[in-house]
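For reference, the structure discussed in these notes is given below.
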Amino acid sequence: MGVVPLTKPQRVLPRPAQGPAALGDRTEDAIFLKPMPSYRELLQQVKSEIDEVDAAHAARLLGDDDPPLFLDVREQDEWDEGHIPGALHIPRGNLESRIEGAAPDRERPVVVYCAVGSRSAFATKTLEELGYTSVVNLAGGYTDWKRNGFATQLSRALEPDQRRRYSRHLLIPEVGEEGQLRLLDARILLIGAGGLGSPAALYLAAAGVGTIGIVDDDVVDESNLQRQVVHSTERLGEPKAESAKRTIESLNADVHVKIFRERLTSENVDRILGEGWDVIVDGADNFPTRYLLNDASVWHGLPVVHGSIFRFEGQVTVLKPGDGPCYRCLFPQPPPPELAPSCAEGGVLGVLPGIIGSIQASEALKLALGIGEPLVGRLLLVDALSTSFTEVHLRRDPACPVCGESPTITEYIDYVEFCQAARTQV
Ligand SMILES: [Zn+2]
């Protein structure tokens, strides 16, 4: 159970037959002598083969500790006007193609409903044929449910243009309309609008993340353009945060961009992180900022999608407070400078931050949607020269000075000094 088969959506619909083939169809119709049952007869037939519950019974089931899945098979506009709280919405016409992905557990009891209980009767029958073992139809449907005064929920819905823009998300059962609305409500903070922040900003904006924060105090330099694809030649000399904001806004007007034209410091970190972010994407290019961001995110309880790059090599991991190691568990001390030159010192293949930043965006979207398995406790090492991806499992350090059992660092320190001290010790 729980395994969703990878089935490709059908792209080409069969066309109605024309010419000779159409004649063939008619011939087949002609030899079909048995009278077709009317809709009413068909409905009666189906209703005699399925189980039904009335609204009062369904309401009791909904109140259970472990309620059945309520499945709404009405059309989008009907769903938008109100539905049973917590119900899953799959219009009747998409039932066969979507139900497996949305409800893979065929043993879980299902209550199917539509407006009056007819379309859902056919849907109930279909689910049984698909192997769902405990399916009942809500007799009288949503109309009867409402008439009895049971709880209803109004849904926020995507606008028609959003439905078109995000249609490829809506087709994925793990995202769907609910997930897209969640993304539109999501708030993701990017530390840095450079090599990693550029692809992350573009993909998060394209995906419809409603609020993107950008912390960057730098300006666009000619040497940035080899990899920082959110900027352009005409933006040379412009603050990176503003350049990124303009690019994002021209890509997707659904996204609100909040910029912080400042370097993250002990003085401003609580103010910036305190603005209700769901996820932080770390694209910092220096160690003081990384350690500062780590300590602050542990204390604020915010997940950080960490990325770093050097020449052909990159690393990604998700640091989720309380659920895996923090940056200090992995690297208690900054590495000596000869082992950790910056991109400005050591160089980087232009596309590498595109790969790493895109993986960071993917992790951030998963965290915002609450789906999949984020890279918590796992460090992904990418080598673009050999094209290899290696995964290292990481543990939380119980003796970690920040997230450990008896932390010794409980307030912000001088991070520049801390990193310099580590460097001069070697
Ligand atoms: Zn730690």
Q | Output for the range 65-105, where each listed residue is more than 20 Å from residue 131 (Cβ to Cβ) and assigned to a strand (DSSP E or B) | A | 72, 83, 89
Q. Can you name every residue in the range 106-139 that is among the β-branched types (Val, Ile, Thr) and in a loop (DSSP other than H, G, I, E, B)?
A. 116, 133
**Q.** Those residues of the range 316-350 which are crowded, with 19+ Cβ neighbours inside 10 Å and of a type in the set (S, T, N, Q), in sequence order
**A.** 317
Q) Here are 386, 362: which of them is hydroxyl-bearing (Ser, Thr, Tyr) and under 11 Å from the mean Cα position of the chain (by Cα)? A) 362
(Q) Residues that are under 22 Å from residue 300 (Cβ atoms): list the helices (runs of 4 or more DSSP H) wholly contained in the range 319-424 that include at least 2 such residues. (A) 327-330, 352-369
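Taking the stated definitions as given, is residue 303 surrounded by fewer than 22 Cβ atoms within 10 Å (Cβ to Cβ) and either within 29 Å of residue 348 (Cα to Cα) or within 14 Å of the ligand (Cβ to nearest atom) (or both)?
Judged against the criteria, residue 303 is not a match.
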Q. Of everything in the range 323-343 that's of a type in the set (Gly, Ala, Ser) and without any contact (Cβ under 8 Å) to a residue 60 or more places away in the chain, which residue is nearest to the ligand (Cβ to nearest atom)?
A. 340
Q. Say we look at the range 399-412 and pick out the residues that are over 17 Å from residue 320 (Cα atoms) and touching a helix residue (DSSP H, G or I) at 6+ places or on another chain (Cβ under 7 Å); which of these is farthest from the ligand (Cβ to nearest atom)?
A. 412
Q. Which condition number in (1) within 15 Å of the ligand (Cβ to nearest atom); (2) among the basic types (Lys, Arg); (3) closer than 21 Å to residue 310 by Cβ is the one that residue 396 fails?
A. (3)
Q) Residues in the range 379-390: is at least one within 16 Å of the ligand (Cβ to nearest atom) and modelled with pLDDT of 95 or more? A) yes
Q) Given 257, 318, which one is under 29 Å from residue 208 (Cβ atoms) and either away from the ligand (no atom under 16 Å from the Cβ) or at pLDDT below 95 (or both)? A) 257
Q.
Against the condition part of a loop (DSSP other than H, G, I, E, B), surrounded by 18 or more Cβ atoms within 10 Å (Cβ to Cβ) and within 29 Å of the chain's Cα centre (by Cα), how does residue 213 come out, does it pass?
A. no
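The values are calculated or read from the model by the stated rules, or taken from the named source; none is laboratory data. Model, not experiment: these values are computed from the prediction. Because the Cβ atoms are built from the backbone with ideal geometry, glycine has one as well, and the counts that use them run over all protein chains shown.
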